[in-house]
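Notes for the one structure printed next.
The values are calculated or read from the model by the stated rules, or taken from the named source; none is laboratory data. Quick caveat, the model's predicted, so the values are computed rather than measured. Every residue, glycine as well, gets a Cβ built from its backbone with ideal geometry; the counts of neighbours run over all protein chains shown.
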Amino acid sequence: MAELLLIFRDICRLKRGPQDLPYAPHLLVALLVVDLALDIGFAAFQGRAGDVAWRSLAGTAVSLGLLYALLQSRGFGSRFVQTATAAVGTGVLVTALALPLLLAIGEPPATPQQLTGTQILLTWALLALLVWKLLIDANILRHALELPLPVTLLIALVWIILVRLMFAGGGGGASA
């Protein structure tokens, strides 16, 4: 378990890739459950549970489907489990880092002028975390698809925008 956490840490530090993870479908399923639980738990805490579970599941299914299609198109379908594990696992870690920031920011005010200095600072930290996750996703795709980083950065950016547009207002699950 400790070795697995070190691998995820190194993937987040852009020093390793999905190929360094074991081929473990049960680990992928466990991480998907944790990802869903985080989405549902945070939404419930905010009092907006509603259909978050279905939105999260749908977002995750779309993300994993896109990942599978990308890998298949490059002839790397056998890399799916490890690549999906890397994407979901790093997504869980980044979400765990983002939740305290989101909780500290609280409910956004009605106008930007009502933002406190602390909320602005925490929002910038959240933006930095989003950019970092984009780089993590691009690094995972770079290793999995054997493409240059600028290309995978563009793929990851389009991917995030696409999934967020499709599932605006609810969990998106599995990031990329």
Q) Applying the selection to segment 109-150, what residues are among the small types (Gly, Ala, Ser) and more than 19 Å from the chain's Cα centre (by Cα)? A) Ala110, Gly117
Q) If the Cβ limit is 7 Å and pairs must be 6+ apart or interchain, which residue in segment 1-26 that is at pLDDT 95 or above pairs with which residue that is not in a helix (DSSP H, G or I)? A) Ile7/Arg16; Ile7/Leu21; Asp10/Arg16; Ile11/Gly17
Q: Would you mention how many residues in segment 88-140 are touching a Lys or Arg at 6+ places or on another chain (Cβ under 9 Å) and without any contact (Cβ under 8 Å) to a residue 40 or more places away in the chain?
A: 1
Q: Go through (1) in contact (Cβ under 8 Å) with a residue 12 or more places away in the chain; (2) over 18 Å from Arg164 (Cβ atoms) one by one and return the number of the condition Phe42 breaks.
A: (2)
Q | Meets criteria (among the aromatic types (Phe, Trp, Tyr), farther than 16 Å from Ala144 by Cα and without any contact (Cβ under 8 Å) to a residue 60 or more places away in the chain) for Phe80 | A | no
Q) Does Leu38 fit the bill of being farther than 16 Å from Ala98 by Cβ and either under 15 Å from the mean Cα position of the chain (by Cα) or not in a helix (DSSP H, G or I) (or both)? A) no
